[in-house]
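Input: a single structure, listed below in structure tokens.
The values are calculated or read from the model by the stated rules, or taken from the named source; none is laboratory data. Nothing here was measured: the structure is a model prediction, and the numbers come from that model. Note that each Cβ is placed from the backbone with ideal geometry, even for glycine, and that neighbours are counted across all protein chains shown. What goes into the accessible areas is simple: the full protein's heavy atoms, side chains included, and nothing from ligands, DNA or RNA. Shrake-Rupley method; radii C 1.70, N 1.55, O 1.52, S 1.80 Å.
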Amino acid sequence: RAGLEGLREKLPAPPLVEGDPADLSVAHSKKLGIRRLPESLPAALAELEKDATALGWLPEPMRKSFFAMKRTEMAALKDLDPAAQCARYASVY
């Protein structure tokens with residue numbers, strides 16, 4: 001959906017990067033407009049809550065339900081170590 005939005009808004013294509021963007025210096029990443037994706041569910045939800053465009057892709061009831069489910073998921077996993085979290089997801093999916 002983000003790609004379609006970029007086409008509709010006639011946004012410029014992002015710069016091509018050879019190699020792993022994680023290997024770029026902070027300064028070079030900033031110059032290219034590259035930023036890391038959120039590394040946790042709480043951080044990803046916080047970013048999504050600030051993105052009016054992405055929030056507009058979902059009707060209000062679906063958006064509320066999505067955030068409620070993700071907060072419930074975070075609460076269920078908060079005291080589990082990574083191995084236990086993986087086991088929990090494996091049992092669900």
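Quick one: is Glu73 surrounded by fewer than 12 Cβ atoms within 10 Å (Cβ to Cβ) and farther than 24 Å from Glu9 by Cα?
Against the criterion (surrounded by fewer than 12 Cβ atoms within 10 Å (Cβ to Cβ) and farther than 24 Å from Glu9 by Cα), Glu73 does not qualify.
For Ala83, which of the numbered conditions (1) among the hydrophobic types (A, V, I, L, M, F, W, C); (2) over 19 Å from the mean Cα position of the chain (by Cα); (3) surrounded by 11 or more Cβ atoms within 10 Å (Cβ to Cβ) fails to hold?
The number of the failed condition is (3).
Results for (1) more than 29 Å from Tyr89 (Cα to Cα); (2) in contact (Cβ under 8 Å) with a residue 12 or more places away in the chain, shown as yes or no for each residue.
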site: Arg8; (1), (2): yes, no
site: Pro15; (1), (2): yes, yes
site: Ala44; (1), (2): no, no
site: Leu55; (1), (2): no, no
site: Met62; (1), (2): no, no
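Of a type in the set (Lys, Arg), modelled with pLDDT of 90 or more, open to solvent by 60 Å² or more (accessible area, probe 1.4 Å) and closer than 29 Å to Pro82 by Cα, is that true of Lys10?
Judged against the criteria, Lys10 is not a match.
Which is farther than 30 Å from Asp81 by Cα, at pLDDT below 90 and part of a loop (DSSP other than H, G, I, E, B), of Leu58, Leu16?
Residue meeting the stated conditions: Leu16.
Within segment 32-55, restricting attention to residues that are open to solvent by less than 60 Å² (accessible area, probe 1.4 Å) and in a loop (DSSP other than H, G, I, E, B), which residue is nearest to Pro21 (Cα to Cα)?
Ranking the candidates gives Ile34 first.
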